[in-house]
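A.B. asks: Have a look at the structure that comes next, please.
Taken together, the values in this text are just the output of simple stated rules run on the coordinates, not laboratory data. What you are looking at is a predicted structure, and each value in this text was computed from that prediction instead of being measured. Quick reminder, even Gly has a Cβ in these numbers, built from the backbone with ideal geometry, and neighbours come from all protein chains shown.
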Amino acid sequence: MKKSNPWKVALQQLDIVAKRINLNSGIHDKLKHPKRTLIVSIPIRMDNGSIKVFEGYRVQHNLERGPAKGGIRYHPDVSLDEIKALAMLMTWKCAVVGIPYGGAKGGVVCDPVQLSVGELERLTRRYTAEISIIIGPEKDIPAPDVYTNQQIMAWMMDTYSMTVGYSAPGVVTGKPLEIGGSEGRVHATGLGVTYIVEEIVEKLKLGKPEHLKITIQGFGNVGSALARFLYERGYKVVGITDISGGVFNDKGINIPELISHTRNTPYHIIRGYKGKAEIIEDYKKANHRLFETGTDILIPAAVENQIHRENAGRIKARVIVEAANGPVSPEADAILNKRGIVVVPDILANAGGVTVSYFEWVQDLQAHFWEKREINKELEKVMRSSFKKVYQTYKKEKCDMRLAAYILAVSRVARAVELRGIFP
Ligand code: NAD
């Protein structure tokens, strides 16, 4: 299926909100333009002695509410339009949970799977050096995203620190604990989604955890963590898919057992699971079953655009909670809305990750580290109170929950623009 241009979609989304809140046209125009867009070329020496040049980007969409925040992705399909759209999304995500950041995103067009560890390190260090003119603990704080991880953040932190001449752990988040990372970061997104599930279950009076069926697409960092948190709270997870297939058990899947199985497989996949469940070893068929056999709560936690124009009419769920970024296309959103399926949007549901990233940055700046219990407590406060505000807006505005979250976020950013005024 042809993918729509993500930047055009982001602008359309903004137009809809602007109209709804009667946004001043000048502020609307300002928000349509990223504040800074940096395109860099990254020449690196490959292991065979040749030189290869990669293209990289760092886009800062808006800095009105604080320094910029957003991940770095390494992927062959990275494009400037995608990075601009994701930077804008970060502006709204930080605003909806009320953390004092603007939005940014970065990316390098490359296939990390084809690079050796040495090439990946040289690519990361040169990319960091190239964008170091606009990043920094007070300016713009990158984090991991698709195909970037703690090690890459450690190289970024080291490169930046070498440039400025002192250790600057606050320049990136998602670092290893040993060099200023935060407790609780690895599971923060999954835990944040769990709080959102609890809130929506209560608000919509969906029933007791043990009577509810939950299905999850994706069993990686986010999917497996949230499955475990839900399982520990007594929810019945009856279907899970990943890129290797799916497991289904109407009585509830034994999540700790499945996690221990995936930990012991080379690519952490669910294929080969021998526990009590029906196994489907084809991810397309497994997703089909996941989406189209009835469930109370469906949680896409894999990749974008999984629920689209073609399958939205057949989704059987009462509620969809978007743990992944952009799993529901705008066309699907309209169809689901008409069918009365409530969608809790990504900018709210998966904001636990950026929230604990914010805690990591605060700890780095203070050189004082908190305990995991404290971090989870603070995360819970942020997620539950943000949900309540979005829910109130959803009721008051009689719109869908995505629009409610955008109304809140865009209004907050617009107010910051208004208060600060236009320079000079
Ligand atoms: P991950 O790479 O750890 O896991 C992705 C999972 O999705 C894997 O289990 C993979 O097998 C599965 N998958 C991929 N394609 C699939 C398909 N077509 N059908 C079924 N399963 C498929 O990634 P992650 O960190 O868990 O992130 C998942 C999503 O959550 C992404 O959209 C990401 O942008 C979003 N997100 C992650 C974080 C975070 O803190 N990691 C924060 C916010 C949002």
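A.B. asks: Taking the stretch 135-154 only, how many residues are part of a loop (DSSP other than H, G, I, E, B), buried (at least 17 other Cβ atoms within 10 Å of the Cβ) and over 20 Å from the mean Cα position of the chain (by Cα)?
C.D. replies: Result for the stretch 135-154: 2.
A.B. asks: For the list (1) in contact with a helix residue (DSSP H, G or I) (Cβ under 7 Å, 6 or more places away or on another chain); (2) assigned to a loop (DSSP other than H, G, I, E, B), I need the number of the one condition that G192 fails.
C.D. replies: (2)
A.B. asks: Right, another one. With (1) surrounded by 15 or more Cβ atoms within 10 Å (Cβ to Cβ); (2) farther than 13 Å from Q217 by Cβ; (3) touching a Gly at 6+ places or on another chain (Cβ under 6 Å); (4) not aromatic (F, W, Y) as the list, and I269 as the residue in question, which single condition is left unmet?
C.D. replies: (3)
A.B. asks: Filter the stretch 243-253 for residues that are touching a helix residue (DSSP H, G or I) at 6+ places or on another chain (Cβ under 7 Å) and either of a type in the set (A, V, I, L, M) or farther than 19 Å from A317 by Cα (or both) and give the result.
C.D. replies: I243, S244, G245, V247
A.B. asks: Do we have A404 as in contact (Cβ under 8 Å) with a residue 40 or more places away in the chain, crowded, with 18+ Cβ neighbours inside 10 Å and not charged (D, E, K, R) here?
C.D. replies: No; evaluated as a whole, the condition is false for this residue.
A.B. asks: Being of a type outside the set (D, E), surrounded by fewer than 16 Cβ atoms within 10 Å (Cβ to Cβ) and in contact with an Asp or Glu (Cβ under 8 Å, 6 or more places away or on another chain) is the filter here, so list the residues in the stretch 39-77 that pass it.
C.D. replies: Passing the criteria: I39, S41, M46, P76.
A.B. asks: Please enumerate the residues belonging to the stretch 222-233 that are over 13 Å from L290 (Cβ atoms) and either in contact (Cβ under 8 Å) with a residue 60 or more places away in the chain or more than 16 Å from the ligand (Cβ to nearest atom) (or both).
C.D. replies: Listed by number, the residues that qualify are V222, L226, Y231, E232, R233.
A.B. asks: Let me ask something else. Could you grab the pairs with beta carbons closer than 9 Å, sequence gap of 6+ or different chains, first residue in the stretch 139-152 and more than 16 Å from A324 (Cβ to Cβ) and more than 8 Å from the ligand (Cβ to nearest atom), second one assigned to a loop (DSSP other than H, G, I, E, B) and aromatic (F, W, Y)?
C.D. replies: I141/Y101
A.B. asks: Cβ-Cβ under 7 Å, sequence separation 6+ or interchain: first residue in the stretch 1-26 and among the basic types (K, R), partner buried (at least 16 other Cβ atoms within 10 Å of the Cβ). Which pairs?
C.D. replies: The qualifying pairs are K3/N305; R20/L403; R20/I407.
A.B. asks: If you take the residues in the stretch 200-221 that are away from the ligand (no atom under 16 Å from the Cβ) and in a loop (DSSP other than H, G, I, E, B), which one is surrounded by the most Cβ atoms within 10 Å (Cβ to Cβ)?
C.D. replies: L212
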